Amino acid sequence: MGWNPNGLIVHWPHGIKSKGGIRSQFHHVIDVAKTILDVAKLPEPTIVNSIAQAPFEGVTMVPTFDDAKAPETHTVQYFEMMGNRGIYHNGWTHLHQAPHTREGRPASAL
């Protein structure tokens with residue numbers, strides 16, 4: 001099972017000077033909220049509806065917006081879905097695919 005990155009397009013004409021570039025730094029969906037808060041210059045919420053919030057785990061993508069060679073800041077990410085697991089660490093990935101039945105469900109879910 002190989003690494004299968006998914007693309008993301010970021011469009012911000014008044015905030016990103018670089019046009020049409022491709023970035024190869026690793027980021028994860030958990031980085032989107034951090035990035036939006038960063039560009040909006042808003043703090044992370046600490047309390048929502050009287051409930052204390054855990055800090056966001058992502059990192060901002062802003063350093064990559066105008067610098068294709070910006071150092072990678074999201075260096076470790078663990079993934080798990082339906083018995084499949086993987087980890088990304090400093091450019092390396094290890095993926096484990098769970099044994100599946102003919103119906104496509106993990107054997108442990110039967």
- Residue by residue through region 1-43, note down the ones that are more than 27 Å from T93 (Cβ to Cβ), surrounded by 12 or more Cβ atoms within 10 Å (Cβ to Cβ) and either at pLDDT below 95 or in contact with a Gly (Cβ under 8 Å, 6 or more places away or on another chain) (or both). I16, V39
- Over region 38-73, the set of residues in contact (Cβ under 8 Å) with a residue 12 or more places away in the chain and either in contact with an Asp or Glu (Cβ under 6 Å, 6 or more places away or on another chain) or among the hydroxyl-bearing types (S, T, Y) (or both) is F56, G58, V59, T60, M61, V62, T64, T73
- Query: So how many residues does region 12-32 have that are out of contact with any His (no Cβ under 9 Å at 6 or more places or on another chain) and over 15 Å from P63 (Cα atoms)?
  - Reply: 4
- Among the numbered criteria (1) modelled with pLDDT of 95 or more; (2) loosely packed, with under 14 Cβ neighbours inside 10 Å; (3) not in a loop (DSSP other than H, G, I, E, B), which single criterion is violated by Y78? (1)
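The values are calculated or read from the model by the stated rules, or taken from the named source; none is laboratory data. Just so you know, these numbers come straight off a predicted model, no measurement behind them. So basically every Cβ, Gly included, is an ideal-geometry build from the backbone, and we count neighbours across all protein chains shown.
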